[in-house]
Amino acid sequence: MADTVQYLLEESIPELEDYEKKGYFSRTELKAIIQKRQDFEYRLKRRAALKTDYYRYIEYELRLEELRRLRKQKLGIQGKKSIAETAIVKRVHFIYERASRKFKSDLQLWLDWLAYCKKTKSSKQHSKVVTKALSRHATTPVLWIEAANWDFEREGNVAAARALMQQGLRMCKHEGVMWVEYLRMELLYIQRLRLRREVLGLAVPQEVPGTGAITASGSDATADANIKAAASAVDESEAAVAAVLTGAVARVVYRSAVVALPGALGLRAKLLRVLAAFDFPGVRELEDDVFAGIAADFPADEDAWDLLARRPLAAAADAAARAGAAGGAGGASSSGGGEEGAPGQAHAQARVLAAAQTAAHASVLAAYERAAHAMRTDRMYELFAGYLEARLERLMSAATAAASGGGAEASSSAPAEAARPRRGAKRGRDAGGAKSADAAVEPEPVDLMAAAGVELLAVFLSAHKQRCAPPALYVRWVGWAQRLGQPKMAIAAVRHGCERHASHAPLWSLRLDLEVEARAERAALLRLFRTAAAAVPAEESPPLWGVMLRAVPPGSVEFAPLCDLLVACATAAPSSAGLGSVAADFLAAVRSSGLGLPATRAFYRRFLTLPAAGPALFVAAIELEVAEGGDGTGKRRETSCSGSGVVGQLFEAAVAAHGGHDTGLWLRYAAYVSTLRGGGGDVYWRATKALDDPDHFIAAYRQQLQDS
């Protein structure tokens, strides 16, 4: 091992001499570098070398290279590169190579090495690394994509990139990401071909062959050129070029992807996102094919209906982009000839954009309504409501931004006031803000927000009527009704939800909160809570008891029946239901209400013998008795572990019920006995025998002794 390390260090002598010659490092620094490298090499040569050792060695070399570059810039060294400029890069590659031989199956190591090759522009090394990595991880899509992307982007070899993608598809048959990246590569290639032909002044097809005349565009395109291009399209080679330039190869890729993964809707959604980034002839036709395939292959899939319904939004986004481009061009031209027509032109563009967005929303709304009528499922209505919620959020955010110029008060009140549905607002396409035939101006943002609120609440109500509303949808319904200033609708919505999902605890908790906010009578609230307590599982009911404790304070007429109900529920519930913690909260409320010590003791004694009396209730009762001074002030000091006082009896009952698993109870017991007799060794001994896992208690007890 020592001979190998010595040999590797001796090989770096020319590099070190060049460092000293050029002034990058002093002789003292070079000695430190040699010593550091020697330490790393010995770590790599040990029998149980770790991957972190290689990474630390690489990190050291990278920092050393960064320091060399800074000093080169500071010294102003120029000229032909020598061994000093390339030695560290080669050394890092050598370290990666040794690491890859030892950790061949570590994919992240190969990816890090490839990233370093790209960073240092090591083309030859990159090709070697990709080949080695693929030999070990032939079924990893990211490596095939990286190899093809390198040939396509860096080398400009489209044929090699296409061959790699096709070979990767054969090895990774069920990986959708391969088809997505293959389609993106083909579309990028087509885009570059079209741009190149435009620069060279060659004919560029503007329509898909078979859909109309093929026109030519270029710097010198004329009517004669158009005629010649149309005539030359008859030739097979020209027809093939026209087909390639309008996405024929991309269409083949899509069809092959559908054949390979026919049931992958997520793949088609990703392909649509790839197509949305391109806008040359043939892309929109391919999008039509994708959407048609989704409609035909996924007639009973809610996510497919969602994709189809949202399609008009892409057209509206394209219209917005074109309007923005036209606005930029118009602004440039108006700046040269005056600013008189600029406001009018901007207003006209805004009206066109608003009309496109309104029409797109009307189409989306109609598509969602058809989908909801056809599917009638919870998921479909959730997607429908999700679209309307996102739209209303955008409108409210825009209103907030517009109102921010008028001060904080206007900004805070504008969204709720504007979004409150008006009496004259309609539902459906007209509610989406579509202009009537005689309308002179586009809809105001306030009207759009009001109409959007009406649409959203109508969808929630429709889901309820169709019995397609899960509990989460009712919660969203209540939240939006409150945001839109409809408290009565919020209460009606949560009542509908509790009727349909009687055992859903969050809905009942929300309903109780709203009833309390609506100032419902305590007697009526107690009757409602009895219904909720009977329907909701005991394990999920503690939040409901918390709402009732805030609404019915101790000392009120309804508090005693509420306590009786808690006793009845705790009697029937298992000990794991958590009602012991609820009883502890009730005890704290009774204690702080000023009803007196006898009433407080009478309250907790009703629960201690019940199965659901948890550790929290025992701890609360013990703290109460200690605070009252019965055993905690030293007036009646106990002489035994269990004692005859109230606190000792409570501790004994607590550890008898929960001493097998609750470490905190034993720690409290030991601390209490220590305050009485100066030591809790007998409690410690009992705890180690009673606990299922005494190790945690032993460590905590020792720490407790040190702190005391």
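Search segment 156-181 for residues that are farther than 14 Å from Glu146 by Cβ and pair each with any residue that is among the acidic types (Asp, Glu) and surrounded by 15 or more Cβ atoms within 10 Å (Cβ to Cβ) when their beta-carbon atoms are under 7 Å apart and the residues are at least 6 apart or on different chains.
Asn157/Asp151
Hey, among the residues in segment 77-107 that are touching a helix residue (DSSP H, G or I) at 6+ places or on another chain (Cβ under 7 Å) and more than 26 Å from Lys51 (Cβ to Cβ), which one's least open to solvent (accessible area, probe 1.4 Å)?
For segment 77-107, the residue satisfying everything is Ala84.
Here are Arg519, Arg511, Arg601: which of them is in a helix (DSSP H, G or I) and closer than 30 Å to Gln486 by Cα?
Arg511
Among the numbered criteria (1) closer than 30 Å to Thr139 by Cβ; (2) surrounded by 15 or more Cβ atoms within 10 Å (Cβ to Cβ), which single criterion is violated by Leu50?
The number of the failed condition is (2).
Among the residues in segment 123-146, are any modelled with pLDDT under 95 and either in contact with a strand residue (DSSP E or B) (Cβ under 9 Å, 6 or more places away or on another chain) or over 23 Å from Glu181 (Cα atoms) (or both)?
Yes, the conditions are met somewhere in segment 123-146.
Determine which single condition Ala230 fails, assuming it passes every other condition in (1) more than 30 Å from Gly168 (Cβ to Cβ); (2) at pLDDT 65 or above; (3) surrounded by fewer than 16 Cβ atoms within 10 Å (Cβ to Cβ).
Single failed check for Ala230: (2).
Which condition from (1) buried (at least 21 other Cβ atoms within 10 Å of the Cβ); (2) closer than 30 Å to Ala250 by Cβ is the one that Val142 breaks?
It fails just one condition, (1).
Is one or more of the residues making up segment 22-42 open to solvent by 50 Å² or more (accessible area, probe 1.4 Å), at negative phi, at pLDDT 90 or above and not in a helix (DSSP H, G or I)?
Among the residues of segment 22-42, at least one is open to solvent by 50 Å² or more (accessible area, probe 1.4 Å), at negative phi, at pLDDT 90 or above and not in a helix (DSSP H, G or I), which makes the answer yes.
With the structure loaded, tell me whether Glu558 is in contact (Cβ under 8 Å) with a residue 12 or more places away in the chain, out of contact with any Phe, Trp or Tyr (no Cβ under 9 Å at 6 or more places or on another chain), more than 30 Å from Cys468 (Cβ to Cβ) and open to solvent by 30 Å² or more (accessible area, probe 1.4 Å) or whether it fails that test. Talk me through it step by step, then tell me what you get.
Numbers: in contact (Cβ under 8 Å) with a residue 12 or more places away in the chain: yes; out of contact with any Phe, Trp or Tyr (no Cβ under 9 Å at 6 or more places or on another chain): yes; more than 30 Å from Cys468 (Cβ to Cβ): yes; open to solvent by 30 Å² or more (accessible area, probe 1.4 Å): yes.
Yes.
So Leu579 clears everything in (1) farther than 13 Å from Tyr672 by Cα; (2) modelled with pLDDT of 85 or more except one condition, right? Which one?
The failed condition is (2).
Among the residues of segment 583-600, which ones are open to solvent by 90 Å² or more (accessible area, probe 1.4 Å) and touching a Ser or Thr at 6+ places or on another chain (Cβ under 8 Å)?
Correct list: Arg591 only.
Do you know which residues across segment 480-491 are assigned to a helix (DSSP H, G or I) and touching a helix residue (DSSP H, G or I) at 6+ places or on another chain (Cβ under 8 Å)?
Trp480, Ala481, Gln482, Arg483, Pro487, Met489, Ala490, Ile491
Residue pairs, Cβ under 8 Å, 6 or more apart or interchain, first in segment 274-302 and in contact (Cβ under 8 Å) with a residue 12 or more places away in the chain and under 25 Å from Gln191 (Cβ atoms), second among the acidic types (Asp, Glu) and open to solvent by 30 Å² or more (accessible area, probe 1.4 Å). List them.
Note: pairs meeting the criteria are Asp279/Asp318; Pro281/Glu207.
Which count do you get for residues in segment 235-251 that are closer than 13 Å to Leu271 by Cα and open to solvent by 40 Å² or more (accessible area, probe 1.4 Å)?
0
Determine whether segment 278-286 contains at least one residue that is open to solvent by 60 Å² or more (accessible area, probe 1.4 Å), within 23 Å of Val244 (Cβ to Cβ), part of a helix (DSSP H, G or I) and not hydrophobic (A, V, I, L, M, F, W, C).
Yes, segment 278-286 contains a residue that is open to solvent by 60 Å² or more (accessible area, probe 1.4 Å), within 23 Å of Val244 (Cβ to Cβ), part of a helix (DSSP H, G or I) and not hydrophobic (A, V, I, L, M, F, W, C).
Only helices (runs of 4 or more DSSP H) wholly contained in segment 121-187 count here; list those with 3 or more residues that are among the small types (Gly, Ala, Ser).
Numbers: elements: 123-136, 141-149, 158-171.
In segment 121-187, the matching helices (runs of 4 or more DSSP H) lie at 123-136, 158-171.
Which count do you get for residues in segment 449-477 that are among the hydrophobic types (A, V, I, L, M, F, W, C) and either outside any helix (DSSP H, G or I) or over 25 Å from Ala362 (Cα atoms) (or both)?
4
Which residues, counting only those in segment 655-698, are among the hydrophobic types (A, V, I, L, M, F, W, C), over 20 Å from Val626 (Cβ atoms) and in a helix (DSSP H, G or I)? Please lay out each step first, then the result.
Pass one, segment 655-698, residues among the hydrophobic types (A, V, I, L, M, F, W, C): 655-657, 665-667, 670-671, 673, 676, 683, 685, 687, 690-691, 697-698.
The next check asks that each one be over 20 Å from Val626 (Cβ atoms); those that pass are 685, 690-691, 697-698.
Within segment 655-698, Trp685, Ala690, Phe697, Ile698 qualify.
Would segment 1-16 turn up any residue that is of a type in the set (Phe, Trp, Tyr), out of contact with any Leu (no Cβ under 6 Å at 6 or more places or on another chain), modelled with pLDDT under 90 and more than 25 Å from Gln73 (Cα to Cα)?
Yes, some residue in segment 1-16 is of a type in the set (Phe, Trp, Tyr), out of contact with any Leu (no Cβ under 6 Å at 6 or more places or on another chain), modelled with pLDDT under 90 and more than 25 Å from Gln73 (Cα to Cα).
Please go through (1) at pLDDT below 90; (2) surrounded by fewer than 17 Cβ atoms within 10 Å (Cβ to Cβ); (3) not hydrophobic (A, V, I, L, M, F, W, C) for Gly546 and return the number of the only condition it doesn't satisfy.
(1)
Of all the residues that make up segment 462-491, how many are open to solvent by 40 Å² or more (accessible area, probe 1.4 Å) and over 29 Å from the mean Cα position of the chain (by Cα)? Steps first, answer last, please.
Looking only at segment 462-491, we keep the residues that are open to solvent by 40 Å² or more (accessible area, probe 1.4 Å), and these are 465-467, 472, 475-476, 482-483, 486-489.
Now drop any that are not over 29 Å from the mean Cα position of the chain (by Cα), which leaves 465-467, 486-489.
Qualifying residue count, segment 462-491: 7.
Within segment 47-82, can you find the residues that are in a loop (DSSP other than H, G, I, E, B) and in contact (Cβ under 8 Å) with a residue 12 or more places away in the chain?
Ala49, Ile77, Ser82
Just to verify a result, which residue in segment 629-649, among those that are open to solvent by 10 Å² or more (accessible area, probe 1.4 Å) and in contact with a helix residue (DSSP H, G or I) (Cβ under 6 Å, 6 or more places away or on another chain), is modelled with the highest pLDDT?
Val646
Going through Glu29, Glu17, Glu59 one at a time, which residue ends up being closer than 24 Å to Lys119 by Cβ and charged (D, E, K, R)?
Unique residue meeting the criteria: Glu59.
The values are calculated or read from the model by the stated rules, or taken from the named source; none is laboratory data. Quick caveat: nothing in here was measured; it's all calculated off a predicted structure. We place every Cβ from the backbone using ideal geometry, glycine too, and count neighbours over all the protein chains shown. The accessibility values were calculated without ligands, DNA or RNA, using every heavy atom of the protein model including side chains. Shrake-Rupley method; radii C 1.70, N 1.55, O 1.52, S 1.80 Å.
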